[in-house]
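Worksheet: the structure to be examined is printed underneath.
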Amino acid sequence: MLVVACPGQGAQSPGMLAPWLEVDGFADLLARASEVTGADLTAHGTTSDAETIRDTAVAQPLLVATALASLRAVLDAPLGTDLAQVVPGRVDVAAGHSVGELAAAAVAGVLSDDDALALVAVRGAAMARAAAATPTGMSAVLGGDPDEVLARLAALGLVPANVNGGGQVVAAGTLDALAALAAEPPARVRVVPLQVAGAFHTEHMAPAVDELAAAAARLSPREPVVTLLGNADGAVVADGADALARLVAQVARPVRWDLCQATLADLGVTALLEVAPGGVLTGLARRTLPGVETVALKSPADLDAARDLVRRHAGGAQPSPSTTTQESSS
C-alpha cells in the first residue's frame, strides 16, 4: 500500500527545478502552472534566490506546482491528463503537510490541477498579507521532553503549529517569543528557525481564512478517488466538500502530521513516496514508521526508484467507493 506525501513550505530551495526542466513535459506543466497562478514559477524554480522564494506568495504556488508536476513525471501523466483517471491503482493514499494538503487534494482527485493551483495562489497571497501585519515566524523544536516543550511554548505565548512526530514540534508566534525560546530552550532541545515568513497555522493567519473561503466557494470539489488524509487530525476524508472546507480552515489551525503518520500505520501502508522537493517527510517517516519503505523525489535521478516503488507497493488498498461515480461523471 503506497502513500504519496506532499511536502510543505520550507522544503523549497534555490535552483531546485533546474534539472527537472530536462524531463519530458515538465516545462509544459510548469508553464501551465505559471499561467494559472500568475507567477513565473519557471524562474522562481531555477534562478530566483532564497529570499525571493521564501516569500509566502511565491513559495506556496511553487511547492504545489512542483509536487504535482513531479508526480506526473513518475506516473507518465502529461499535461491534459486528469489525475483522477490515472491515480487509482497506482496510489493508495494521499496526504500533505501544510500547503502540501492542497497538492494531496489534487492527487486524490478532489480538485483539478488548475483548481489547486488557483487556490494556492490565493492562499499564498492572503497568508503573506496576514504575515506582514505582525513580525512572526516559526522554529523547529527538536528533542526534549514533550510536556516540558509544550509548557515552555505556552509560557512564551507560542503555539505548537506543527506536531510532526519523531520528537519534532514547530513553534509559531512573534519573533521576540521565538528569540526567547532559542535563548532559553527546554533541556536537551535544539531550536532551528525555519525559512518561512510568518506564524502559519495560528490565529495570526485568521485574516487569510475569509479570503481563501471566498475563493473556495467558487470551486466544485469532487469525491476522493483514493484515500485522502486531513492534516488537522489525521482522519480519512471521504467527502470532497469536507476536504475543501478543511483546506480553508487549516490555514489558521495546527497541522498534526503525527496523527497522519499514526493513521498511515493503522491503514497498513508499506511505502511512502514523497514528491518533489522531497526529503523532510521521508525523514520523519523513517523515525516514526519503521518498516515502511521510502523514496524522496529530490531530483530526476530519483524517478526510476519512485517508479519502482509504485510498481511494487501500489494497489494494496481497495478503490474508494466513489471511484466509479467519479469516473462516470468526469
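The set of residues in the stretch 269-306 that are assigned to a helix (DSSP H, G or I), open to solvent by less than 20 Å² (accessible area, probe 1.4 Å) and farther than 18 Å from SER98 by Cβ comprises LEU303, ALA306.
Taking the criterion of being surrounded by fewer than 24 Cβ atoms within 10 Å (Cβ to Cβ) and without any contact (Cβ under 8 Å) to a residue 24 or more places away in the chain, would at least one residue in the stretch 81-92 satisfy it? Within the stretch 81-92 (the criterion being surrounded by fewer than 24 Cβ atoms within 10 Å (Cβ to Cβ) and without any contact (Cβ under 8 Å) to a residue 24 or more places away in the chain), the answer is yes, since at least one residue qualifies. Output the number of residues of the stretch 213-244 satisfying the condition of being of a type in the set (A, V, I, L, M), within 22 Å of MET127 (Cα to Cα), open to solvent by 30 Å² or more (accessible area, probe 1.4 Å) and not in a helix (DSSP H, G or I). The total comes to 2. Among the residues examined, SER13 does not qualify as free of Cβ contacts under 8 Å to residues at least 40 places away in the same chain, open to solvent by 10 Å² or more (accessible area, probe 1.4 Å), in a loop (DSSP other than H, G, I, E, B) and of a type in the set (Gly, Ala, Ser).
If the condition is being out of contact with any Leu (no Cβ under 7 Å at 6 or more places or on another chain) and either in contact (Cβ under 8 Å) with a residue 40 or more places away in the chain or of a type in the set (Val, Ile, Thr) (or both), then the stretch 112-131 contributes ASP114, LEU117, ALA118, ALA121, GLY124, ALA125, MET127, ALA128, ARG129, ALA130, ALA131. Of ALA126, ALA197, ALA130, ALA108, which residue is closer than 30 Å to ALA31 by Cβ, in contact with a Pro (Cβ under 8 Å, 6 or more places away or on another chain) and modelled with pLDDT under 95? Result of the check over ALA126, ALA197, ALA130, ALA108: ALA130. Within the stretch 246-258, the set of residues being farther than 22 Å from ASP82 by Cβ and open to solvent by less than 60 Å² (accessible area, probe 1.4 Å) comprises ARG246, VAL248, ALA249, GLN250, VAL251, ALA252, PRO254, VAL255, TRP257, ASP258. If I filter the stretch 37-53 for residues that are crowded, with 18+ Cβ neighbours inside 10 Å and touching a Lys or Arg at 6+ places or on another chain (Cβ under 9 Å), do I get at least one hit? No, the stretch 37-53 contains no residue that is crowded, with 18+ Cβ neighbours inside 10 Å and touching a Lys or Arg at 6+ places or on another chain (Cβ under 9 Å).
The values are calculated or read from the model by the stated rules, or taken from the named source; none is laboratory data. Model, not experiment: these values are computed from the prediction. Cβ: placed from backbone, ideal geometry, glycine included. Neighbour counts: every protein chain shown. Quick note on the areas: whole protein, heavy atoms, side chains included, nothing else; ligands and nucleic acids left out. Shrake-Rupley method; radii C 1.70, N 1.55, O 1.52, S 1.80 Å.
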